[in-house]
Amino acid sequence: MAIKGSCHCGKTQFEVNEAPSTVTSCTCSLCSKRGALWAYYRPAQFRLTSSPDDVATYQWGSRTVKHHFCAACGCGTYSESPDWSSGQPDFDNPKVGVNSRLFDDFDLAAVPVTVIDGKNLW
């Protein structure tokens with residue numbers, strides 16, 4: 001069942017094909033300041049349902065990850081990156097990290113949170 005989400009002002013809207021079974025809290029400088037809880041999907045499982053013109057992008061460091069946010073209200077919405085599960089970037093298996101705090105009608109408190117020590121890994 002598709003889960004919909006949006007930023008605060010509603011200009012950036014998206015959907016994923018299923019609810020996450022877990023979410024991730026990353027302690028890196030960007031994620032901790034954003035306060036996002038990330039749910040990860042393959043690109044085919046994510047769909048931006050609003051205009052891409054309302055999405056802005058921030059990249060830092062190696063510029064490997066595209067961190068997207070609403071150009072109007074500033075909410076961090078989703079990120080595009082290679083798969084990092086092996087500790088190295090796997091560009092053949094990209095992932096979309098969705099800020100699960102933005103899901104509509106979803107009980108985020110019922111989903112386990114995994115903490116990644118991004119502060120010391122990157």
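The values are calculated or read from the model by the stated rules, or taken from the named source; none is laboratory data. Computed from a predicted model, the values in this text were never measured in an experiment. Counting neighbours? That spans all protein chains shown, and the Cβs are built from the backbone with ideal geometry, glycine included.
Failed condition for PHE69, given (1) more than 21 Å from LYS11 (Cβ to Cβ); (2) of a type in the set (A, V, I, L, M, F, W, C); (3) not in a loop (DSSP other than H, G, I, E, B), with all others met? All conditions are met except number (1). Within the range 67-77, the presence of a residue that is modelled with pLDDT under 95, over 12 Å from the mean Cα position of the chain (by Cα) and not β-branched (Val, Ile, Thr) is excluded.
The set of residues from the range 78-110 being surrounded by 17 or more Cβ atoms within 10 Å (Cβ to Cβ) and either within 20 Å of MET1 (Cα to Cα) or over 17 Å from the mean Cα position of the chain (by Cα) (or both) comprises TYR78, LYS95, VAL96, GLY97, VAL98, ASN99, SER100, ARG101, LEU102, PHE103, PHE106. So which residues in the range 14-39 are under 23 Å from ASP92 (Cα atoms) and surrounded by 20 or more Cβ atoms within 10 Å (Cβ to Cβ), if there are any at all? Residues satisfying the conditions are VAL16, PRO20, VAL23, CYS26, TRP38, ALA39.
If a residue must be outside any loop (DSSP other than H, G, I, E, B), touching a residue at least 40 places away in the same chain (Cβ under 8 Å) and more than 11 Å from the chain's Cα centre (by Cα), how many such residues does the range 35-48 contain?
Step one: list which residues in the range 35-48 are outside any loop (DSSP other than H, G, I, E, B), which gives 38-41, 43-48.
Subsequent filtering for residues that are touching a residue at least 40 places away in the same chain (Cβ under 8 Å) retains 38-41, 43, 45-46.
Checking which are more than 11 Å from the chain's Cα centre (by Cα) leaves us with 43, 45.
So the answer is 2.
Taking the criterion of being in contact with a Cys (Cβ under 9 Å, 6 or more places away or on another chain) and outside any loop (DSSP other than H, G, I, E, B), the residues of the range 3-13 that qualify are SER6, GLN13.
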